[in-house]
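The structure appears right after this line, and notes come after that.
The numbers here are math on the coordinates, done by the rules we state, and not lab data. The structure displayed is predicted, hence computed values, not measured ones. Virtual Cβ from ideal backbone geometry, glycine too; neighbours counted across all protein chains shown.
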Amino acid sequence: MSAFDPDAFLNQTTTESGSTSIEPIPAGEYPALIDKVEPRRVTTKNGPAIVVDVHLLLQDPATAAKIGREKLAVRMSFFPDLASNGGFDMAKGKNVQLNRLREACNLNSPGQAFKLGDLVGKMVKAQVTFREANGAIYNDVKTVGRM
């Protein structure tokens with residue numbers, strides 16, 4: 001591969017029209033590798049908040065081939081419950097989505113140290129669904145469980 005030329009890239013042209021949608025991943029249960037975990041700040045109607053995005057790569061070559069994709073990437077997002085010190089609130093009924101994910105990765109034992117980065121590289125079973133919004137179809141991760 002030749003060296004990347006940013007100017008040539010910016011000035012390339014095409015006369016073809018392109019796709020504006022992708023075929024969704026069929027709803028179902030898939031083995032998935034946790035590829036990346038990213039916290040981000042958002043502004044909600046109640047003020048600033050944190051969202052944790054868990055990026056999963058589904059491990060199903062047959063489905064990837066069927067819908068014409070190289071990678072089957074989905075994202076699970078949740079708002080963590082935070083304690084007054086900024087850490088995770090581990091009170092009863094708090095951080096249920098996070099703790100289900102930890103449980104699926106065998107990282108939810110009493111006394112076991114945990115940080116979000118520990119999730120990367122773990123395999124889970126992901127229940128994938130899809131929804132329609134504004135004429136587009138999006139995949140969602142409904143639940144995760146142990147492999």
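Couple of notes before you dig in:
- Distance in nm between pseudo-label sites at Arg100 and Thr13 (7 Å out along the Cβ direction from Cα): 5.2 nm
- Computed [θ] at 222 nm, deg cm²/dmol, the chain (DSSP H ≥ 4; -39,500 (n - 2.57); rounded to nearest 500): -3500 deg cm²/dmol
- Amide H contacts of Asp81 (H built 1.01 Å from N, under 5 Å, at least 5 apart or other chain): Asp89, Asn95
- Under a Gaussian network description of the chain, with springs only between Cα atoms under 10 Å, the residue in Pro80, Pro61, Pro110 that fluctuates furthest is Pro110.
- Structural descriptor for the chain: relative contact order 26 percent, calculated from alpha carbon pairs under 8 angstrom and at least 6 residues apart.
- Loop-resident sites, region 70-147, for trypsin sites (Lys or Arg not before Pro), counting at most 14 other Cβ within 10 Å (DSSP): Lys71, Lys92, Lys94, Lys115, Arg146
- By the rule of a C-alpha distance below 14 Å, with chain neighbours fewer than 8 residues away ignored, the aspartates and glutamates paired with Lys36 are Asp53, Asp118.
- Test item: Cα-centred dipole of the chain, Lys/Arg +1 and Asp/Glu -1 on Cβ, debye: 720 debye
- Rounded FRET efficiency, nearest 0.05, which uses the C-beta distance separating Ile67 from Asn108 and R0 of 35 Å: 0.60
- Between Asp118 and Thr20, the distance separating the two model label sites (each 7 Å from Cα on the Cα→Cβ line) works out to 4.6 nm.
- Three-way shape call for region 35-115 based on the alpha-carbon gyration tensor, with the a/c threshold at 1.5: oblate
- Mean projection area, nm², convex hull over Cα of region 9-79: 8.1 nm²
- Residue exposure sequence - Met123, Met90 - by fewest surrounding Cβ within 10 Å: Met90, Met123
- Span per principal axis, largest first, for the Cα atoms of the chain (Å): 58, 37, 36
- Sorted ascending by nearby beta carbons within 10 Å, beginning with the fewest, Tyr30, Tyr138 become Tyr138, Tyr30.
- Extension gain, Glu29 to Ile50, is 4.8 nm, computed as 0.36 nm per intervening residue step minus the present C-alpha separation.
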